[in-house]
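What follows is a single structure, written as structure tokens, with notes after it.
The values are calculated or read from the model by the stated rules, or taken from the named source; none is laboratory data. Not measured: the values here are computed from a predicted model. Cβ: placed from backbone, ideal geometry, glycine included. Neighbour counts: every protein chain shown. Only protein heavy atoms, including side chains, enter the accessible area calculation; ligands, DNA and RNA are left aside. Shrake-Rupley method; radii C 1.70, N 1.55, O 1.52, S 1.80 Å.
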Amino acid sequence: MYYRFLTLLVFLLLAGCAGHGMSGGGEAGYITVQRGDTMSAIARQAGIPLLRLQRFNPGIRANDMRIGQQLMLPGRNERAPGSGQYRYSVRSGDTLNRIASHFGTSSSRITAANRGLAPNRLRIGQLLTVPVGSASASRSTGTAGARTTPAPARALPSGVGPWSWPLRGAQVQREFGMDSRNALQPMLISAGNDHTARAAAPGTVRFAGTMRQLGGVVIVHHDKNLQSVYAQCDSINVSNGQHVSTGTPVCEVRRDSGTGRHDLLFDTRNAGRPFNPRQIMR
């Protein structure tokens, strides 16, 4: 459940919206399917029409979603007509082949539909025309959105990192990955004598408040559409819109009444999509 709340909140913040009322989505992103999720529930909570969400995930059947699958969340500048051509915003880590596979078309057709396109020099946010391809292409071979492994290691934007660890003298109690119930979990870090969580990199605070089941939460937006999330805070030291530097105290980690430890849930995201913090940490 942690990732369901976090992912929807991060997506809403990327969209520049404080609630669930947006009709067409905000910035392009992803969400990871958790136990009990349905496509209609995800669409409703993200404020996206169900049909629009379905059209952006042609290789995923609503009645056969699997835990760990990545659903593509459409952005406000993207289009998915019932017939014709998609308008697609390039996401971090995209290649032409990956985009073609997801939408059941071919890279050559995308190249032909976009005059002057340099296939090896895609830019994050670049809008592409994607011709509708054969439905069998994505349904028979699978798509990027239908992968069963959650948030696989993928290239981060060039020139990022390394980031600092958010706690000093800390120990990783749980690594990022799937738990025993096959649900994706963020990294859990136990604080040493210093219970202050600090910003892992420079950025701007997009959220500083509380969330159900997570206590105090701080979300920092960094360059190149990266985000860091600090949850299970007892008190928060920053405010919305505040610029932070590496090492700026963002919150005090609360004490777990069961273990007696001060455990921080630490999450890192690329365009709203979770990735293993060890990919970017020192």
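List of remarks:
- Using θ = phi - 60° in the Karplus curve 6.51 cos²θ - 1.76 cosθ + 1.60, the 3J(HN,Hα) couplings for segment 215-230 round to x, x, 9, 10, 10, 10, 9, 10, 4, 6, 6, 9, 9, 10, 10, 10 Hz; x is entered for Gly and Pro.
- Annotation: extensible slack from residue 212 through residue 97 equals 37.5 nm (criterion: 0.36 nm per residue apart, minus Cα-Cα distance).
- Using a Förster distance of 45 Å, the FRET efficiency for residue 259-residue 121 (Cβ separation, nearest 0.05): 0.35
- Computed on protein heavy atoms with a 1.4 Å probe, the accessible areas place 160, 132 in the order 132, 160, largest first.
- For segment 97-136, the spread of Cα positions along each principal axis, largest first, Å: 28, 17, 15
- Residue-wise HN-Hα coupling along segment 253-268, computed from phi with Karplus coefficients 6.51, -1.76, 1.60 (Hz; x: Gly, Pro): 6, 6, 8, 7, 5, x, 9, x, 8, 9, 9, 9, 7, 10, 10, 10
- Three-way shape label, segment 228-282, alpha-carbon gyration tensor, a/c 1.5: oblate
- When +1 charges are put on Lys and Arg Cβ atoms and -1 charges on Asp and Glu Cβ atoms, the dipole computed for segment 170-265 relative to its Cα centre reaches about 160 debye.
- Residues with amide H under 5 Å from that of residue 126, placed H, sequence gap 5 or more: 90
- A 1.4 Å probe over all protein chains sorts 78, 252 by accessible area into 252, 78, starting with the largest.
- Rounded to the nearest 0.05, the FRET efficiency derived from the C-beta distance between residue 246 and residue 179 at R0 = 22 Å is 0.15.
- Couplings 3J(HN,Hα) for segment 237-252, derived from phi with the Karplus relation 6.51 cos²θ - 1.76 cosθ + 1.60 (θ = phi - 60°), are 9, 10, 10, 4, x, 6, 7, 10, 9, 4, x, 5, x, 9, 6, 9 Hz, where x marks Gly and Pro.
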